[in-house]
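This report concerns only the one structure given below.
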Amino acid sequence: MELLNILVVFDPTTKMQPALARASVIASRDDVKLHVFSCIFSEVGKSEDAAEQRRQLISAQKDIVENTVQPLREVGIEVTTEIEWDEDWYQAVVRASISNQSDLVLKSSHKHSATQRLLKPTSDRTLLRQCDCPVLLVKGEVDSGARRVLAAIDARTESSSYEKLNGTILEFCKRFLHMDNTDVHFVNAHEGLADRPDKGALVRACGVDSENVHIVMGEPDKVIVDTARSLEINLVVIGNSARTGLSALINTNTAEKILDELDCDVLALP
């Protein structure tokens with residue numbers, strides 16, 4: 001997975017921008033372009049000067065975003081910015097990721113209760129289900145210490161879609177294998193002894209030491225969360241099945257199930 005163009009969702013409600021901070025770390029290490037996107041909306045009525053009020057609010061937000069990204073430009077990071085006026089900012093981000101041909105979307109994530117996510121579509125869920133590119137949901141500030149990555153692999157071989165997604169996850173994780181202060185682990189959840197994968201084959205496929213491959217029996221979401229907590233993981237990488245329509249209303253995929261159970265970043269690969 002090649003990263004050339006990253007879309008960063010700028011939160012207009014706070015000065016803290018964890019997603020932008022994480023994106024700047026990636027951009028300082030790799031030759032990528034950052035496109036910082038902020039969507040705002042306010043009730044301005046239907047008076048004759050409503051258009052002018054919107055223009056002023058957009059201009060003010062533009063100044064805030066530009067001032068925030070200026071230090072990144074001063075150290076040589078290529079950054080463009082975009083401000084949009086739309087009440088449905090979730091969909092605005094999805095549109096921006098498409099029009100900008102983004103390779104990755106970064107957004108700060110906050111905990112929601114299961115009831116909140118069930119009763120109202122959250123921005124996280126919208127991006128996970130509708131973005132065509134990978135989505136990195138960022139929690140907290142950048143940790144300058146060692147990074148520990150956990151990638152969830154589905155070793156079932158009866159479906160070519162699983163094999164393709166495994167290949168995408170493995171390709172992405174290979175970039176971490178030779179980085180200093182980075183420890184990469186892989187986890188596979190299986191339902192019973194009959195579908196337990198061959199660990200030797202999985203170790204060879206992942207390209208890491210045997211102790212960095214974890215094969216655990218149980219439900220995938222619980223296995224991933226428990227393993228991530230026990231290893232004090234900073235980033236979980238997981239495949240994501242995007243869905244719309246009735247299926248999206250009825251089902252919750254594993255990426256969504258683990259999101260509020262983890263305090264670390266979650267990268268969902270479609």
### Query
Considering 9, 79, which residue is in contact with a Lys or Arg (Cβ under 6 Å, 6 or more places away or on another chain), touching a residue at least 40 places away in the same chain (Cβ under 8 Å) and closer than 19 Å to residue 124 by Cβ?
9
### helices (runs of 4 or more DSSP H) enclosed by the stretch 85-183 - at least 1 residues per element that are modelled with pLDDT of 90 or more and open to solvent by 40 Å² or more (accessible area, probe 1.4 Å)
89-99, 123-130
#### Entry: Test set (1) more than 25 Å from residue 259 (Cβ to Cβ); (2) out of contact with any helix residue (DSSP H, G or I) (no Cβ under 8 Å at 6 or more places or on another chain); (3) part of a helix (DSSP H, G or I) - residue 203 fails condition number
(2)
### Message
Going residue by residue through the stretch 188-205, is there one that turns out to be at pLDDT 90 or above, under 29 Å from residue 18 (Cβ atoms) and not aromatic (Phe, Trp, Tyr)?
### Response
yes
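Could you list, in sequence order, the residues of the stretch 4-16 that are assigned to a loop (DSSP other than H, G, I, E, B) and either farther than 25 Å from residue 140 by Cα or open to solvent by 20 Å² or more (accessible area, probe 1.4 Å) (or both)?
The answer is 4, 11, 12, 13, 14, 15, 16.
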#### Entry: Within the stretch 17-58, tally of residues that are in a loop (DSSP other than H, G, I, E, B) and within 15 Å of the chain's Cα centre (by Cα)
1
### Residue ID - least open to solvent (accessible area, probe 1.4 Å), chosen from residues in the stretch 59-84 that are part of a loop (DSSP other than H, G, I, E, B) and closer than 22 Å to residue 135 by Cα
77
### Qualifying positions in the stretch 222-270 - over 16 Å from the mean Cα position of the chain (by Cα), modelled with pLDDT under 95 and open to solvent by less than 60 Å² (accessible area, probe 1.4 Å)
243, 245, 247, 248
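The values are calculated or read from the model by the stated rules, or taken from the named source; none is laboratory data. Only a predicted model underlies this, so the values are computations on that prediction, with no experimental measurement involved. FYI the Cβ positions are ideal-geometry reconstructions off the backbone, even for glycines, and counts take in every protein chain you see. SASA here: full protein model, heavy atoms, side chains in, ligands and nucleic acids out. Shrake-Rupley method; radii C 1.70, N 1.55, O 1.52, S 1.80 Å.
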